[in-house]
Amino acid sequence: MFPDEIETARLRLVRLCRENVSTAELYRHMRADAPHMSEVSEYAMWDPHETPKDTDDFLTDTERQWDDYEQATYAIFLRPSESSDDGERLAGTTNLHFDWERRSAELGIWLRKPFWGRGYSGERAAAMLELAFDRLDLELVGASHQDGNANSRRAIEKYVERFGGQYDGVLRNFVPQGDEVRDLHRYTVSQEQYRDAMGDET
C-alpha cells in the first residue's frame, strides 16, 4: 500500500525498517547522549533511547505499524547533491499516522539539528501530502506542534499555507511532558484545499 521509497529534489524517504536502517545506525542518532539531543527531543513525542534495545523495540513497533497499515514511517536521507556537516546522510524520520475510519492522517517529523532551517520539513511534507491524497485518497491531513516550539510552528505554517490549509486551534493541556502538560497547536489540509492549491501551482 505504501511505497518503500519516495524521492524529492533533495531527499530520499526510505521505509524505516532494519533492512534499510540498522539498529546501531538509528541508535547513534536517537540515543540520549547524541549531539544536540536535548534540543532535538525537547518537543518530540518520544523519549531519547537509553540503550540499543530501546531502538530495537522502536524498530519492531515501526515495522509492525507498517505491516498493519497503522503508520507509514520513513527515514529521511540526504541525496548526494546535499551537503552534510558531519558526513552523515540520515537526517531524521517522518511518518503518517492513519485514522482510516475518519479518512485522515497525522503528519510527524523529527530532524537532527544540523538539518534544521534548510526547508527539509516542507519538502518532505509535500511528498507525504501527495502520498496521502493522490495515492491513499485520504480526505484530511493534520500536523501539530507543542506550545513554545517556534521552529516547528514556522515550518508547519509555511507548508500549510502553501497547500491551502488552515490553523484549527489549540488543544489545551494535551501533551504530558515531565512535570508539565503542554498545549498542542493543530493545523489541517483537506484534499480539496490541496487540489485547489496544486492547481494554482501548475
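Shown here for the range 164-202: chymotrypsin sites (Phe, Trp or Tyr not before Pro) in loop regions (DSSP other than H, G, I, E, B) with at most 16 other Cβ atoms within 10 Å, of which there are none.
Among beta bridges identified by DSSP and lying wholly in the range 26-174, the antiparallel ones come to about 75 percent. Projected onto their three principal axes, the Cα atoms of the range 58-162 cover extents of 43, 33, 27 Å, largest first.
Residue by residue, the range 157-171 carries 3J(HN,Hα) couplings of 4, 5, 7, 5, 5, 4, 9, x, x, 8, 8, 8, x, 10, 9 Hz when phi is fed to the Karplus relation 6.51 cos²θ - 1.76 cosθ + 1.60 (θ = phi - 60°); x denotes Gly or Pro. Count Lys and Arg as plus one, Asp and Glu as minus one, and take only other residues whose Cβ is under 15 Å from that of residue 113; the net charge is then -2.
Rounded to the nearest 500, what is the 222 nm mean residue ellipticity of the chain from helices alone, with -39500 (n - 2.57) per DSSP H run of 4+ residues and division by all residues? Let's see the in-between values first.
Working: 6 runs with 63 residues, N = 202.
My calculation for the chain gives -9500 deg cm²/dmol from helical runs alone.
Given 20 °C and 1.002 mPa s, how large is the Stokes-Einstein diffusion coefficient of the range 104-166 in µm²/s, with Rh as the Kirkwood radius over Cα pairs? Let's see the in-between values first.
On the way: Rh = 12.3 Å.
Estimated via Stokes-Einstein, D reaches 175 µm²/s.
Residues in the range 137-151, backbone N under 13 Å from the label point at residue 99 (7 Å along the Cα-to-beta-carbon vector): list them, ranges by number please. Hits in the range 137-151 for residue 99 at 13 Å: 139-144. Relative to one another, the C-alpha centroids of the range 135-201 and the range 1-64 are positioned 22 Å apart.
Could you tell me what percent of the accessible area of the range 1-99 is made up of carbon and sulfur, with a 1.4 Å probe and every protein chain present? For the range 1-99, the apolar C and S fraction of the accessible surface comes to 46 percent. Can you give the Rg to Rh ratio of the range 137-202, both from alpha-carbon atoms, with Rh computed by the Kirkwood formula? Radius of gyration over Kirkwood radius for the range 137-202 works out to 1.08.
Got the relative contact order for the range 57-131 handy, in percent, Cα pairs under 8 Å and 6 or more residues apart? Could the numbers behind the result be given before it?
Working: 77 pairs, mean separation 16.6, N = 75.
Taking the mean separation of contacting Cα pairs over the length of the range 57-131, I get 22 percent.
Taking the solvent-accessible surface of protein heavy atoms with a 1.4 Å probe, what is the per residue accessible area of the chain in Å²?
Numbers: 10570 Å² over 202 residues.
With all protein chains present, the chain gives 52 Å² per residue.
Taking N as the number of residues in the range 1-102, what is its alpha-carbon radius of gyration divided by 2.2 N^0.38 Å?
Values: Rg = 14.0 Å, N = 102, 2.2 N^0.38 = 12.8 Å.
Here the Cα radius of gyration is 1.10 times the empirical estimate.
Counting charges near residue 188 (Lys, Arg +1; Asp, Glu -1) among other residues having Cβ under 13 Å from its Cβ returns a value of -4.
Using the alpha-carbon positions of the range 58-106, Rg (one decimal) and Dmax (whole number) come out as 14.2, 43 Å.
Taking every eigenvalue of the Cα gyration tensor of the chain, multiplying by 5 and rooting it, what semi-axes result, largest first, whole Å?
After diagonalising the Cα gyration tensor, the semi-axes are 25, 20, 18 Å.
For the range 13-55, a Kirkwood hydrodynamic radius built from all Cα pairs, placed in the Stokes-Einstein relation at 4 °C and 1.567 mPa s, yields a translational diffusion coefficient of 119 µm²/s.
The values are calculated or read from the model by the stated rules, or taken from the named source; none is laboratory data. Here the structure is a predicted model, which is why all the values come from computation and not from measurement. Virtual Cβ from ideal backbone geometry, glycine too; neighbours counted across all protein chains shown. Remember, those area values only see protein heavy atoms, side chains included, never the ligands or the DNA or RNA. Shrake-Rupley method; radii C 1.70, N 1.55, O 1.52, S 1.80 Å.
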